[in-house]
Amino acid sequence: MSGRTPDGAPEPGSEAFEAELRDEIRRELETHGGGSAQPEIVELRDVWLSFGTHEVLRGVSLGVARGGTLCILGGSGVGKSTILRLMLRLLLPDRGEVLIEGRDISAVSRPEALALRERMGMVFQGSALFDSLNVFDNVAFPLYEHTKLADGEIRDRVEEVLSFVDLDPAMVLPLLPSALSGGMRKRVAIARAIVHRPPILLFDEPTSGLDPITTRRIDELILKLRRELHVCVVVVTHDVRSAARIATETALLKDGKIIFSGTPEEMHATEDRYVRAFRG
Amino acid sequence: MRRSEPITWDQMRVGFVLIVSLVLLALCVLFVGRIGDVFGERYQLVALMESASGLRPGAPVQVAGRGVGQVERVEFIAPEERGDSEAAVAVWLGVNVDIREQIRRGSRARVRTQGLLGDRLIDIEPGSPDSAILVPGDTIGTAPALSYDELLGQAADAVLGLTQLSNDLSATLARVSSGEGSLGRLLVDEALYDGLVDLNENLAAVLGPIADGEGSFARLLEDEEFYDRLVSSTARFDTVTAALAAGEGTLGRLLASDSLYRAVASSATRANAILGLIENGEGAVGQLIGDETLYEEFLKVVVDLNAFLTEVRANPGKFIPPIRVF
Amino acid sequence: MAFAVEAYFRLLVRVTRACLSRPFYRGDLVQQMDTIGVASIFIVMLTGLFTGMVLALQAAVEMERFGATVYIGRLVGASTIRELGPVLTALIVTGRAGAGMAAALGAMRVTEQVDALRTMGVDPIRKLVVPRFLAALVMLPVVTIIGDAVAILGGLLIAVLMLDFTAQLYINSVWETLAQTGFVLTVIPIDLIQGLGKPFAFGGIIALTSCFHGLRAEGGTEGVGRATTRAVVTSSILILAMDYFLTQILLTMFPS
Ligand SMILES: Nc1ncnc2c1ncn2[C@@H]1O[C@H](COP(=O)(O)OP(=O)(O)O)[C@@H](O)[C@H]1O
Ligand SMILES: [Mg+2]
């Protein structure tokens, strides 16, 4: 890797050279990563959390490596969304650690937390599009907030991600979220989550409330994200069939604990009564 | 949202409204300032007076009834600086320079009240053309604020009224102390005596069971604290009665009144007549009392009320409406 | 309750701090000035017009008995500028813009838009509350000035059309009463300090209370409704209470 020196590159040994080298190595890793020795990018270690007297999480440990897709399954109200909020540092755990790219996020300062959040994109259950802004402004929002890109570049980026999620930019850009169908809203939300190219994507029940055909399309979109953008995905869902299609890892949450974790195949083969019951 | 934004409608609307309001505000300050005469150049005059008569800084200064400035401050003159003049306060006037030549040596400043609300102001009589124009810092002559004759006349009326009142008062007190009037007559009335004897018998009947230690009232009688309180209220009652006997206060005067006694006596007679009619079952009230069904109705109401109260006591939350702000 | 009061003041502190530092969302500020101020102007003017007219009418009836109808301009001017203008305007804006603010923020809260902002590294206090707070601080005095002006005009209408006053006489007596309370800094009438200081404070109350309840909305659409009701009721009460205390303070500062 280091032998290849493009024209006009900085002198070997200089600081700029080394920085560029590091960048290149990172890019390589992102493109071809996924080996078993990979460190976990998102990880929860023995996390406890309660709201008042209600203990929601009681010692949850899970993780997902670069290039993997983790599906967290569980009934409603068990704390699946809560786990995502912990990863985004919208909540802090009572006990335990939440690690993003190896750093404990409950220990970082506020500005560092903001920088960490820029490494993640989140698709909320109800899409959470800003309903006073049209599709363009919604998708462009993270770019205007966090980059210094010019108007033209931002427009290109927005059109690019909208095409990626199979929406016709020319048609949807000026629309307000209230004019979109549920499936389209979900796609716009995905576009907004990936527009600043975060290495980690979080989905909260991406297919709940959608018809079977749209559900399939969204699942395919998530697969395409991993395949083409090589991001690490965490999906929270109660839809086992959907999980079987998209997951590389699954974890089943019940009563504040992970009662099963393994590949979708392992989950399919397990004898555990609750897992089987949940699988249906 | 965009990096480079054209001017939008909302910006224009907001800007327009801001400008309109600022213009209105400026107009207001301008007109009020003109009336209050705060923009014109002023010079100071001082008027030495016995009393400021409630003048405050900001009070208008007029020449021949037209506003020309404001009172700026009112200061006491130190006793040692007064000399042989009676003046106790120095009133500083800010006067518009445009009317300088109206105010001359012979001008007199006086405190006047204007309008229904009695606003205080200073009015200056213009001076005659042959005397000198006052320069800034000069002392202006003053005239008395009020007509003393009028004041004395009003005071005399008040004094006469007071004398009359005190005469009446002493006459009344004399009669009370000599036992005249209704108080005295109440004391020698036979009928009252008979009534009291009857009352006593009734009381004895009521008090019998209590003396035998029955009921809650009897328990009350054994209560130490209640006794103490009773003693203290009796003592207080004593002082009140003493005051009454001495004919003090409104009540004393009431007791000494003859007409009151007659009025009470006549209403007692009339009440007697009415009660007689009722006893004979005459009139609506009489019929009501004789009516059995009414009694039963009443009993039912009492029973219902009892049940209701029991319910309330057992379950008070149900009957108290929750207090909500939202 | 005590917890809510503490949270309210904590919000005030956070908002004040956020006002003084970057990033600052200027576009949102202008937009909020439009929705809070400009959009309320019509209804504020209508309120002002009828208030001024009814004040003049009542004053005429009462003062006729003393032959003191010349005081109508004073009464309308003084009561409008010192009390009725600020308070009525604030209550109207509470009902219109405050309710809107609470509902909008409540809806954003229950549909996770507030969380979405935070995940995108945007502080909801800066993005949502600060523009509304500053806009209300600026626009309340502005709409109050306009409302006052219309109210005084309403009084003028009655005075001229029904009581045979000349416009000049009426208007002069309005200026006179303002001049009489005295001036600060030699040219600013004290009544104007009172008449503009109050709406400034009321603006802060409206924005802060509405955002407070909006951001605490919980439990779906019904929660949004509850938050809106709370916002309107709380700010109305706070406005009336604050009016009393401000009057007390101003009377102590500028005794007349
Ligand atoms: N902010 C909060 N305050 C109190 N309780 C909460 C809060 N957020 C979530 N909970 C409770 O935590 C539990 C898990 O919620 P959540 O993670 O949303 O469940 P789900 O698995 O359906 O996504 C629920 O019982 C919910 O009532
Ligand atoms: Mg959930």
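For the stretch B:34-64, residues that are of a type in the set (Phe, Trp, Tyr) and either farther than 27 Å from residue C:175 by Cα or exposed (fewer than 14 other Cβ atoms within 10 Å of the Cβ) (or both) total 1.
For every residue, the table says whether it meets (1) of a type outside the set (Asp, Glu); (2) away from ligand 1 (no atom under 16 Å from the Cβ); (3) in contact (Cβ under 8 Å) with a residue 60 or more places away in the chain.
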{"position": "A:215", "(1), (2), (3)": "yes, yes, no"}
{"position": "A:226", "(1), (2), (3)": "yes, yes, yes"}
{"position": "A:258", "(1), (2), (3)": "yes, no, yes"}
{"position": "A:273", "(1), (2), (3)": "yes, yes, no"}
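Kindly evaluate residue A:132 against the criterion of being surrounded by fewer than 19 Cβ atoms within 10 Å (Cβ to Cβ) and closer than 17 Å to residue C:116 by Cβ. So residue A:132 passes the test. Every condition in (1) open to solvent by less than 40 Å² (accessible area, probe 1.4 Å); (2) more than 20 Å from residue A:41 (Cα to Cα); (3) touching a Gly at 6+ places or on another chain (Cβ under 9 Å) is met by residue A:238 except one, and the failing one is (1). Condition check for residue A:77 on (1) under 18 Å from the mean Cα position of the chain (by Cα); (2) within 14 Å of ligand 2 (Cβ to nearest atom): one failure, at (1). Here is a list: A:119, A:155. Which entry is modelled with pLDDT of 90 or more and of a type in the set (D, E, K, R)? After ruling out the rest, the residue left standing is A:155. Scanning the stretch A:204-233 for residues that are surrounded by 15 or more Cβ atoms within 10 Å (Cβ to Cβ), aliphatic (A, V, I, L, M) and over 16 Å from residue A:194 (Cβ atoms) returns a single hit, A:210.
Of the listed requirements (1) more than 10 Å from chain C (Cβ to nearest Cβ); (2) modelled with pLDDT of 90 or more; (3) away from ligand 2 (no atom under 16 Å from the Cβ), residue A:82 misses just one: (3). Summed over the stretch C:172-188, residues that are more than 8 Å from chain B (Cβ to nearest Cβ), under 25 Å from the mean Cα position of the chain (by Cα) and part of a helix (DSSP H, G or I) total 2. Taking helices (runs of 4 or more DSSP H) as the structural unit, no element lying wholly within the stretch C:1-101 holds at least 1 residues that are more than 29 Å from residue C:245 (Cβ to Cβ), open to solvent by less than 70 Å² (accessible area, probe 1.4 Å) and in contact with a Cys (Cβ under 6 Å, 6 or more places away or on another chain).
On the given criteria, is residue A:116 within 11 Å of another protein chain (Cβ to nearest Cβ), in contact with a Lys or Arg (Cβ under 8 Å, 6 or more places away or on another chain) and buried (at least 17 other Cβ atoms within 10 Å of the Cβ)? Criteria met by residue A:116.
Find the residue count for the stretch C:205-220, including only residues that are closer than 20 Å to residue C:83 by Cα and open to solvent by 10 Å² or more (accessible area, probe 1.4 Å). Residues that pass the stated criteria total 1.
Checking each residue in the stretch A:170-180 for being open to solvent by less than 20 Å² (accessible area, probe 1.4 Å) and not hydrophobic (A, V, I, L, M, F, W, C) picks out only A:177.
For the stretch A:38-52, the tally of residues that are farther than 26 Å from residue A:198 by Cβ and either near ligand 1 (Cβ under 10 Å from one of its atoms) or modelled with pLDDT under 90 (or both) stands at 3. Of the helices (runs of 4 or more DSSP H) entirely within the stretch A:129-237, those holding at least 3 residues that are within 14 Å of chain B (Cβ to nearest Cβ) occupy A:135-146, A:151-164. Restricting the first member to the stretch B:191-214 and to residues that are closer than 19 Å to residue B:269 by Cα and charged (D, E, K, R), and the second to residues that are at pLDDT 75 or above and exposed (fewer than 10 other Cβ atoms within 10 Å of the Cβ), no beta-carbon pair is closer than 6 Å while six or more apart or on different chains. A Cβ distance below 6 Å, combined with a sequence gap of six or more or placement on separate chains, defines the contacts here; from the stretch B:221-232, residues that are modelled with pLDDT under 75 reach residues that are assigned to a helix (DSSP H, G or I) in the pairs B:226/B:220.
Just one of the listed residues (B:83, B:106, B:67) is in contact with a helix residue (DSSP H, G or I) (Cβ under 8 Å, 6 or more places away or on another chain) and surrounded by fewer than 17 Cβ atoms within 10 Å (Cβ to Cβ), namely B:67. Could you tell me whether residue A:156 is surrounded by fewer than 19 Cβ atoms within 10 Å (Cβ to Cβ) and in contact with a Lys or Arg (Cβ under 7 Å, 6 or more places away or on another chain)? Here the answer is no, as residue A:156 does not meet what is asked.
Where strands (runs of 3 or more DSSP E) fall entirely within the stretch B:30-140, those with at least 2 residues that are under 40 Å from the mean Cα position of the chain (by Cα), farther than 23 Å from residue C:74 by Cβ and within 14 Å of chain C (Cβ to nearest Cβ) are at B:66-76.
Residues that are out of contact with any Asp or Glu (no Cβ under 7 Å at 6 or more places or on another chain), more than 10 Å from chain C (Cβ to nearest Cβ) and not in a strand (DSSP E or B) occur in the stretch A:95-104; there is at least one.
Listed by first and then second residue, the pairs with beta-carbon distance under 7 Å, at least 6 apart or on different chains, first residue in the stretch C:38-56 and away from chain B (no Cβ under 14 Å) and under 19 Å from residue C:156 (Cα atoms), second in a helix (DSSP H, G or I) and open to solvent by 50 Å² or more (accessible area, probe 1.4 Å), are C:47/C:88; C:51/C:84; C:51/C:88; C:52/C:153; C:53/C:157; C:55/C:75.
The values are calculated or read from the model by the stated rules, or taken from the named source; none is laboratory data. Bear in mind that the values here come from a model prediction, so they are computed numbers and not experimental data. No Cβ is skipped: glycine too gets one built from the backbone with ideal geometry, and neighbour counts run over all protein chains shown. Just the protein is used for accessible areas: all its heavy atoms, side chains included, with ligands, DNA and RNA removed. Shrake-Rupley method; radii C 1.70, N 1.55, O 1.52, S 1.80 Å.
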